[in-house]
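The values are calculated or read from the model by the stated rules, or taken from the named source; none is laboratory data. If you're wondering where the values come from, they're calculated on a predicted model, not measured in any experiment. Neighbour counts are summed over all protein chains in view; Cβ atoms, including those assigned to glycine, are modelled from backbone coordinates with ideal geometry. Quick note on the areas: whole protein, heavy atoms, side chains included, nothing else; ligands and nucleic acids left out. Shrake-Rupley method; radii C 1.70, N 1.55, O 1.52, S 1.80 Å.
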Amino acid sequence: MKRGGPVIAVDGPAAAGKGTLAKRLAQALSLPYLDTGLLYRAVGRLALDAGQDPAAPAEAFAQKLSPEDLARTDLRAPEVAQAASKVAAQPAVRQALVETQRRFAGERGAVLDGRDIGTVIFPDADVKLFITASPATRALRRFLQLGGDQSAPNAQAQVAEMEEALKVRDAADSGRKTAPLQVAVDAQVIETDTLSAEDVLAQALAFARRRLGQ
Ligand code: CDP
């Protein structure tokens, strides 16, 4: 497909900091940004709202996703993440969302974050990044991102619970048959346990600029 600008794929496991990085990269390179996880979260949310098991066929929800569905403020809840992972394992749901993602980048190029951007959606992406960190680091980041208080008496138990939930989701996302989470052969892996968000951005930007010849 002919594109009006570069495509930058940012993939990786749950709560690795893909969104933070992708947003900043998009700003630095003046590209549009798409959080593709939101598409699956919105489908999962609609399935839950309909009283449906998210493992049951959900492509009808994916086919009629609206901008309002994506703008909902309740898509970040942990139960929606689990539902998203279940609907995302369905090939028909993924198929229904492919064109939306490709079209988004068609006009001006884009930065997209997700699980299969560099492997399935844009195997020919100009820049591929794979952002990762240990489950413990990712659980703590997600706990804080969701407004958790580290000094609360049950904070440790809550972080541990979050770590378990992330591991379950990672295993499902990596183990599914269609578009599993995996490192694209030509991706730059950035292991972020000991890096600040600024460090990650600096490394990613340096790599992207080299690839883009800027
Ligand atoms: O923010 P976090 O990394 O926790 O998750 P997300 O990116 O919002 O994605 C939620 C779920 O959607 C993931 O666990 C995947 O199952 C699914 N997903 C996917 O399959 N493919 C994508 N491109 C993006 C998300």
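Select from the range 19-53 the residues that are more than 22 Å from residue 122 (Cβ to Cβ) and open to solvent by 20 Å² or more (accessible area, probe 1.4 Å) and write down the one among them that is farthest from the ligand (Cβ to nearest atom).
51
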- residue 28 is checked against (1) more than 15 Å from residue 109 (Cβ to Cβ); (2) part of a helix (DSSP H, G or I) and fails just one. What number does that condition carry? (1)
- If only one of 86, 128 is open to solvent by 30 Å² or more (accessible area, probe 1.4 Å) and outside any loop (DSSP other than H, G, I, E, B), which one is it? 86
- Filter the range 184-214 down to the residues that are free of Cβ contacts under 8 Å to residues at least 40 places away in the same chain and outside any loop (DSSP other than H, G, I, E, B), then identify the one that is nearest to residue 111 (Cα to Cα). 209
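Yes/no per residue for (1) more than 17 Å from residue 18 (Cβ to Cβ); (2) out of contact with any strand residue (DSSP E or B) (no Cβ under 6 Å at 6 or more places or on another chain); (3) at pLDDT below 95; (4) aliphatic (A, V, I, L, M):
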site	(1), (2), (3), (4)
31	no, no, no, yes
34	no, no, no, yes
38	no, yes, no, yes
52	yes, yes, no, no
55	yes, yes, no, yes
58	yes, yes, no, yes
90	yes, yes, no, no
93	yes, yes, no, yes
- Report, by residue number, each residue of the range 12-50 that is under 12 Å from the mean Cα position of the chain (by Cα) and among the polar types (S, T, N, Q). 20, 36
- Residue count, the range 106-125, condition more than 12 Å from the ligand (Cβ to nearest atom), modelled with pLDDT of 95 or more and open to solvent by less than 60 Å² (accessible area, probe 1.4 Å), comes to 4
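For the subset of the range 136-161 comprising residues that are touching a Leu at 6+ places or on another chain (Cβ under 8 Å) and open to solvent by less than 60 Å² (accessible area, probe 1.4 Å), which member is nearest to residue 192 (Cα to Cα)?
138
Name the residue that is surrounded by the most Cβ atoms within 10 Å (Cβ to Cβ), counting only residues in the range 164-214 that are under 24 Å from residue 7 (Cα atoms) and hydroxyl-bearing (Ser, Thr, Tyr). Explain how you work it out, then say what you get.
First pass over the range 164-214, keeping only residues under 24 Å from residue 7 (Cα atoms): 173-174, 178-192, 197-214.
Those still in the list that are hydroxyl-bearing (Ser, Thr, Tyr) too: 174, 178, 192.
On the way: 174: 12, 178: 14, 192: 23.
That would be 192.
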